[in-house]
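Written out below as structure tokens is the structure these notes cover.
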There are 2 protein chains.
Amino acid sequence: MTQIDADNQSTNLPIYESTDLSVHQSTSLPSALRWDDRGLITTVVQDVASGQVLMVAWMNVEALELTLATGETHFWSRSRGELWHKGATSGNVQRVVRLWADCDADTLLVQVEPAGPACHTGAVSCFFTTVE
Amino acid sequence: MTQIDADNQSTNLPIYESTDLSVHQSTSLPSALRWDDRGLITTVVQDVASGQVLMVAWMNVEALELTLATGETHFWSRSRGELWHKGATSGNVQRVVRLWADCDADTLLVQVEPAGPACHTGAVSCFFTTVE
């Protein structure tokens, strides 16, 4: 077991200077997205202020529409088989700042301002276990 | 169409001060991970220096073992049905700095130093399309 200090994940996270020369573009949804055979799309949640990756979850069309309509993240819980408004019970909602689709439109990145920890363990991020 | 300026994704990415009080821990692999019914695990790739989320791909056990053994990212290409050493042809390899599993061990986050753009389009990140 290696103990990793609490802010190791965030080491070296300066404001970066983009060298991305591609044309940024926007799209309307959800028809432009590629949903998997379960009707879901993988969604990465990132803290827009810190850059920390908070969690990965899945959206269906309804979750995405609710996310866009309310400005707070909604997901499809694969384990519970139900829609899930993140923070509805804990209060740790995630306010959506910006939503991105990747180049082949089968993954989303949502940049948020979180009201509290993302993880059900109470951790800021679900990614607190290093793999070696 | 809304034109988004090139560094919009990175707006407000200061070095964050972690308030994550959870115990950080490490694990040995791949037995501790939860592979899906295709034998794959969702993997988020993040630039460790900028915090930018570069891409999402999938690993199988062999891709993970090669990633850990070589220190460069390897994935399983679902479309081509073959192992994929990222950057093997383009030169845009991703040197692994740190690898994380999430709280329920069914998603990975790999923080890398990329030798070049992550996206096949030449973009630094595959996430250059905003969803509205």
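The values are calculated or read from the model by the stated rules, or taken from the named source; none is laboratory data. None of the values given here were measured: they were computed from a predicted structure. Here the Cβ is made from the backbone with ideal geometry for all residues, glycine too, and neighbour counts use every protein chain on show.
Values computed for the structure shown
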| quantity | calculated |
| --- | --- |
| Index of the failed condition, B:GLU132 passing every other in (1) free of Cβ contacts under 8 Å to residues at least 24 places away in the same chain; (2) farther than 20 Å from A:VAL53 by Cα; (3) facing chain A (nearest Cβ under 7 Å) | (1) |
| Residue in region A:10-20 that is surrounded by 13 or more Cβ atoms within 10 Å (Cβ to Cβ) and modelled with pLDDT of 95 or more present | no |
| Residues within region A:97-113 that are in contact with a helix residue (DSSP H, G or I) (Cβ under 8 Å, 6 or more places away or on another chain) and surrounded by fewer than 20 Cβ atoms within 10 Å (Cβ to Cβ), tallied | 1 |
| B:ALA32 being of a type in the set (A, V, I, L, M), surrounded by fewer than 22 Cβ atoms within 10 Å (Cβ to Cβ) and within 10 Å of chain A (Cβ to nearest Cβ) | yes |
| Residue that is farthest from A:ASP106 (Cα to Cα) [pool: residues in region B:82-119 that are within 7 Å of another protein chain (Cβ to nearest Cβ), without any contact (Cβ under 8 Å) to a residue 40 or more places away in the chain and assigned to a loop (DSSP other than H, G, I, E, B)] | B:CYS103 |
| Residue ID - surrounded by the most Cβ atoms within 10 Å (Cβ to Cβ), chosen from residues in region A:120-132 that are in a loop (DSSP other than H, G, I, E, B) and among the polar types (S, T, N, Q) | A:SER125 |
| Hits in region B:40-81 - residues which are of a type in the set (Ser, Thr, Tyr), more than 19 Å from A:ASP104 (Cβ to Cβ) and crowded, with 16+ Cβ neighbours inside 10 Å | B:SER50, B:THR67 |
